[in-house]
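Novice: Quick one: the structure is below, questions incoming.
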């Protein structure tokens, strides 16, 4: 009896595999396609029908899998992983893929599977012999090849945030570990950092859902009355921008921006925290950006007059606290927001979007790219505790702390307390000079996002100059001093006027205006709203109340269905629930805004779906009870979210009609009141 032949390389098999891998890891697929297969591998079929192989190295051979039972070996490794305890599994080493396949078939769409395999030649040799495309397409598989590429890994994991937030486990493939060596340790640190960043972002998003929507609604007057940013798109194409953040290194080079001619040749974009310190130094940025949720940000504008900020435009995401927009005495431009457009319907103004920022520093960077600026020069962007400090000297937050200062409580002590409070999430990294520096989980998450942005822009041929002169080292940037950067792109011989309204930007503004955009010099009006906008908000509020009522009815029907055993009665109850679902889905903005508020409910539903999907064999009745219980909890959460939305919309309509704005959360004593926050005249 003849044994099956070892599979020969097949171009068709390779292409199917690469197409499947390219879904989530396109750069890995391209790298495999461009790499020759390893020639020192000896493949053969094992008695259990699985592919096995040995690699010849230095006159010796080393097995990449069991010689007799590679398939069952992989299955045993996969069975030892507790999938209930994690939403993401990291595998060190692809090897011949048997263990990866076993994990993928267990996880399916209910988890993220991240494989580290730096040997592209090995991957090519395996993937042109074994068709893995079917199980790859059924899983959420990411293959990483660079142990140090934080930005690339973050990009690959985009869209898998919810699963990653559920937890992570690392699986070591024993035959691969000697081959991976120190790279496995390095990748473990990289993936842990990226996952920590994702979890921080998810947690922050869930916590900020209610404040975000409250701020959006309280800013309806500015959203419908202020200019947008569309006409500014590309007006500074090919000219440099300096993005000024509030890191402790800012004191080292900020004063260079005050030198004659700099403002005329460079577009200066500042985060709101440093606006007043810059003005005090005689440095007037062209733009200041804001997106902070808290009303304390009002302090950053106290004492400013229209004359002091003449020529400075505030660019905001409408999710910023309304106290900011009401406190700024100059021109304001507001970016597009899909949630407000959804609420306003036909009354929504024409606006251009800007990429949402995780922080105000991200927003400043994205706005520089919106203007068309290149290169973008970063200063004050430490993302670490340079010299044991959190903020730059003279930052506006120091004014907030001023009341606490005395001979026993100094700024240095408050700075250190701010850092020490986060000691459980502090960790060491490397600064721009190769030295050790502390950062924390929050700033590391900002770094991961920035590095993904820098990588994306680098691939577009754009440049990022890190002129912070301190802080953590950032991938995909060029490091130099601000003096050198200004000399290269602004102050050198032949440099023309760039930061101001030069001929190119003037023509771009005219072109944008010709396309129907508004007059860029218009000032924002006094807060007010036409009656049709108030009517629109009240109409959506009524729909939200209807959604809450109908969702509670659906929950009661599901409670009956959960304990019902007769199929006919179950079907009748489920049919009624489906009819309610179809009804509420037609409520448009009320339904969509409720889903936005109910993001925690969506995460809990994902957990329930995973539990059901990973439960293995269930009887029909067991599965019915689990799914009905999941749906019952979900619609109850939706009912609560819709009721809360109705209250928030009521407050928004009152505000548009001239009532006070809500600028912060209610205290525990005030939680029993109707409103979800504190009203203040701002």
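Novice: Residue 66 is checked against (1) loosely packed, with under 14 Cβ neighbours inside 10 Å; (2) within 18 Å of residue 176 (Cβ to Cβ); (3) free of Cβ contacts under 8 Å to residues at least 24 places away in the same chain and fails just one. What number does that condition carry?
Specialist: Result: residue 66 passes all but (1).
Novice: When you scan region 610-623, how many residues do you find that are free of Cβ contacts under 8 Å to residues at least 60 places away in the same chain and surrounded by 14 or more Cβ atoms within 10 Å (Cβ to Cβ)?
Specialist: Within region 610-623, the subset free of Cβ contacts under 8 Å to residues at least 60 places away in the same chain is 612, 615-623.
Still in the running and surrounded by 14 or more Cβ atoms within 10 Å (Cβ to Cβ): 612.
Of the residues in region 610-623, 1 are free of Cβ contacts under 8 Å to residues at least 60 places away in the same chain and surrounded by 14 or more Cβ atoms within 10 Å (Cβ to Cβ).
Novice: Would you pick out the residues in region 247-266 that are surrounded by 24 or more Cβ atoms within 10 Å (Cβ to Cβ) and under 27 Å from the mean Cα position of the chain (by Cα)?
Specialist: Residues satisfying the conditions are 247, 249, 250.
Novice: Could I ask something else about it? So residue 154 clears everything in (1) surrounded by fewer than 22 Cβ atoms within 10 Å (Cβ to Cβ); (2) in contact (Cβ under 8 Å) with a residue 24 or more places away in the chain; (3) closer than 28 Å to residue 604 by Cβ except one condition, right? Which one?
Specialist: Result: residue 154 passes all but (1).
Novice: Given 352, 335, which one is in the same structural domain as residue 291 (by TED's automatic domain parsing) and surrounded by fewer than 23 Cβ atoms within 10 Å (Cβ to Cβ)?
Specialist: 352
Novice: Right, here's the next one. Select from region 665-676 the residues that are surrounded by fewer than 18 Cβ atoms within 10 Å (Cβ to Cβ) and touching a helix residue (DSSP H, G or I) at 6+ places or on another chain (Cβ under 8 Å) and write down the one among them that is modelled with the highest pLDDT.
Specialist: Step one: of region 665-676, the residues surrounded by fewer than 18 Cβ atoms within 10 Å (Cβ to Cβ) are 665-675.
Going one step further and asking which of them are touching a helix residue (DSSP H, G or I) at 6+ places or on another chain (Cβ under 8 Å), we end up with 665, 674-675.
On the way: 665: 72, 674: 47, 675: 46.
Residue satisfying both the conditions and the ranking: 665.
Novice: What is the number of the single condition among (1) in contact (Cβ under 8 Å) with a residue 24 or more places away in the chain; (2) more than 29 Å from the chain's Cα centre (by Cα); (3) surrounded by fewer than 19 Cβ atoms within 10 Å (Cβ to Cβ) that residue 138 does not meet?
Specialist: That leaves (2) as the condition not met.
Novice: Could you run through region 581-632 and say how many residues are touching a helix residue (DSSP H, G or I) at 6+ places or on another chain (Cβ under 8 Å), more than 30 Å from residue 537 (Cα to Cα) and not in a helix (DSSP H, G or I)? Let's see the steps before the verdict.
Specialist: The first filter runs over region 581-632 and keeps only residues touching a helix residue (DSSP H, G or I) at 6+ places or on another chain (Cβ under 8 Å), leaving 581, 583-585, 587-606, 608-615, 618, 623-632.
Subset that is more than 30 Å from residue 537 (Cα to Cα): 606, 608-615, 618, 623-630.
If we keep only those that are not in a helix (DSSP H, G or I) too, we end up with 614-615, 618.
So the count comes out to 3.
Novice: Could you tell me whether region 464-474 includes any residue that is touching a helix residue (DSSP H, G or I) at 6+ places or on another chain (Cβ under 7 Å), at pLDDT 95 or above and part of a helix (DSSP H, G or I)?
Specialist: Checking region 464-474: not a single residue is touching a helix residue (DSSP H, G or I) at 6+ places or on another chain (Cβ under 7 Å), at pLDDT 95 or above and part of a helix (DSSP H, G or I).
Novice: I'd like the full set of residues that are touching a residue at least 40 places away in the same chain (Cβ under 8 Å), within 29 Å of the chain's Cα centre (by Cα) and assigned to a helix (DSSP H, G or I), limited to region 277-313.
Specialist: Answer for region 277-313, where residues must be touching a residue at least 40 places away in the same chain (Cβ under 8 Å), within 29 Å of the chain's Cα centre (by Cα) and assigned to a helix (DSSP H, G or I): 295, 296, 298, 299, 300.
Novice: I've got another one for you. Which one of the conditions (1) at pLDDT below 90; (2) in a helix (DSSP H, G or I); (3) closer than 30 Å to residue 220 by Cα does residue 448 fail to meet, given that it meets all the rest?
Specialist: (3)
Novice: Follow-up. Somewhere in region 2-17, is a residue in contact with a helix residue (DSSP H, G or I) (Cβ under 6 Å, 6 or more places away or on another chain) and loosely packed, with under 15 Cβ neighbours inside 10 Å?
Specialist: Just the residues of region 2-17 that are in contact with a helix residue (DSSP H, G or I) (Cβ under 6 Å, 6 or more places away or on another chain), to begin with: 14, 16-17.
So of that shortlist, the ones also loosely packed, with under 15 Cβ neighbours inside 10 Å come out as none.
No, there is no match, as no residue in region 2-17 is in contact with a helix residue (DSSP H, G or I) (Cβ under 6 Å, 6 or more places away or on another chain) and loosely packed, with under 15 Cβ neighbours inside 10 Å.
The values are calculated or read from the model by the stated rules, or taken from the named source; none is laboratory data. Remember, predicted model here, so these are calculated numbers, not experimental data. Please note: Cβ atoms are built from the backbone with ideal geometry, for glycine as well, and neighbour counts cover all protein chains shown.
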